[in-house]
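Quick note: the coordinates plus some simple rules give every number you see, no bench work behind them. Source: prediction; values computed, not measured. Here the Cβ is made from the backbone with ideal geometry for all residues, glycine too, and neighbour counts use every protein chain on show.
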Amino acid sequence: MDVLHHPSPVLKARAHEVDVTSDPALRDLVRAMAETMYEESGIGLAAPQVGVDKRVIVFDVDDRLAALCNPVIVEFGEETVVDDEGCLSVPGITVPVERSTRVVCTGLTLEGRDITIEAEDLLARVLQHEIDHLDGVLILDRCPGDMKKAIVRAYNEANNL
């Protein structure tokens, strides 16, 4: 699978929910997404990043691969921290992004079971980042206006866009 790069319009669209019980291609999709994520040295990947209009993410934090279908953050912790984030869809760029240090995320496993993840620190950041992708939000969209303009200009120049 190829990772789509900014400014692909697919990356700006909200992905559709999946019916885990009636989507026979879901396991193959997750397997291919995981392979792509590892090949690209990422720690998370959302289906829209590989051109698939489904609310599915894969991530590997602490050497534990996981997949979530239809994930939703149902609670954000009060404490936030700004840290530099990179993105496979905006290669070569890191931007400071403010995120909650703790989140509670619900979703479905590939078997269709409800799951709740209470995440902190890096896992919380990865979940927020990947769910942003499902909503058509890139790290560039999390930058203040002037910073975003400068980063997009530098990115476009570096990639001959």
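Quick notes on this one:
- Ranking Ile115, Ile57, Ile151 by how far each Cα lies toward the positive end of the dipole of the chain (charges on Cβ) leaves Ile151 at the top.
- In segment 91-137, the trypsin sites (Lys or Arg not before Pro) that fall in loop regions by DSSP, at most 16 other Cβ within 10 Å: Arg113
- Annotation: segment 48-110 has a Kirkwood hydrodynamic radius of 13.7 angstrom, from the mean reciprocal C-alpha pair distance.
- Stokes-Einstein D (µm²/s) once Rh is taken as the Kirkwood radius of segment 1-135 over alpha-carbon pairs, at 10 °C in 1.306 mPa s: 106
- Note on Phe76 and Ala32: their simple-model spin labels are 3.3 nm apart, each label 7 Å out from Cα toward Cβ.
- Cβ-placed point charges (K, R +1; D, E -1), dipole of the chain about Cα centre in debye, nearest 20: 500
- Positive contributions from Lys and Arg (+1) and negative ones from Asp and Glu (-1), summed over other residues with Cβ under 9 Å from the Cβ of Ala119, come out at -1.
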